[in-house]
Amino acid sequence: MKLRDTVIQEQDAERIHQVLMRFLSDSGAGEALVIDRGGQLLAMDGGSQALDAVSISALAAAAFSSTAAMAQLLGETEFTVLFHEGAKRSIHVSRVEEEAILLAVFDERTTVGMVRVFAKEASRAVGAVLGEARARPRPAGEFAAPLNAAESGPAWTPPY
């Protein structure tokens, strides 16, 4: 089952929040984001500076996907970690599981080694939460099924 078909319930979100807060504390990173492979932001913690989370999520997912193509050219399944170093801030992007990515933004107060070590631990923990959410039966009811033809039509038609 794809992550987009997964329902992340309140208790799942709280567990992910706890994992990200511990990751930030242990690694010294400033922001931590969990995104899906399509660039959709699933969770974010930290935020000591203004961060355009929507844009960075989309761009990080695209970069991760493009490097997967490079990995295949080298006979690898994928590269599981990306690192972009800037003059003031850097980004560490790592695979959480098949459908999710952990993105950490950090500065000179920590090292890429510290971020990498604790990102592995955080990725495993977030991956476990997402795996449990994915394995949980989907809720039944009016929001569990796709819209039918009558429901997906225009809500309003102009009078001309």
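The values are calculated or read from the model by the stated rules, or taken from the named source; none is laboratory data. This one's a predicted model, so the numbers in the text were calculated from it and none came from an experiment. Ideal geometry is used to build each Cβ from the backbone, glycine not excepted, and the neighbour counts take in all protein chains shown.
The residues listed here are 87, 29, 13, 61; of these, the one that is touching a helix residue (DSSP H, G or I) at 6+ places or on another chain (Cβ under 6 Å) and small (Gly, Ala, Ser) is 29.
Out of all the residues in the stretch 1-15, which are buried (at least 16 other Cβ atoms within 10 Å of the Cβ) and either modelled with pLDDT of 95 or more or charged (D, E, K, R) (or both)? Talk me through it step by step, then tell me what you get.
In the first step, residues of the stretch 1-15 are kept if they are buried (at least 16 other Cβ atoms within 10 Å of the Cβ); the result is 3, 6, 8, 12, 15.
Result: 12, 15.
Scanning the stretch 82-113 for residues that are within 23 Å of residue 17 (Cβ to Cβ) and not acidic (Asp, Glu) yields a total of 16.
So, residue 59, is that one more than 19 Å from residue 22 (Cβ to Cβ) and within 13 Å of the chain's Cα centre (by Cα) or not?
Numbers: more than 19 Å from residue 22 (Cβ to Cβ): yes; within 13 Å of the chain's Cα centre (by Cα): yes.
Yes: the conditions hold for residue 59.
Of all the residues in the stretch 16-54, those that are under 25 Å from residue 109 (Cα atoms), buried (at least 17 other Cβ atoms within 10 Å of the Cβ) and charged (D, E, K, R) number 2. For beta carbons closer than 8 Å, sequence separation of 6+ or different chains, a first residue in the stretch 18-40 that is of a type outside the set (Asp, Glu) and a second that is buried (at least 21 other Cβ atoms within 10 Å of the Cβ) and part of a loop (DSSP other than H, G, I, E, B), the qualifying pairs are 23/29.
Being without any contact (Cβ under 8 Å) to a residue 40 or more places away in the chain and aliphatic (A, V, I, L, M) is the filter here; which residues of the stretch 86-139 pass it? Those that are without any contact (Cβ under 8 Å) to a residue 40 or more places away in the chain and aliphatic (A, V, I, L, M): 87, 91, 93, 112, 128, 135. Pairing each residue of the stretch 63-84 that is within 28 Å of residue 29 (Cα to Cα) and without any contact (Cβ under 8 Å) to a residue 40 or more places away in the chain with any residue that is in a helix (DSSP H, G or I) and polar (S, T, N, Q), provided the two are 6+ apart or on different chains, yields C-beta distances under 8 Å for 78/67; 78/72; 79/67; 82/67.
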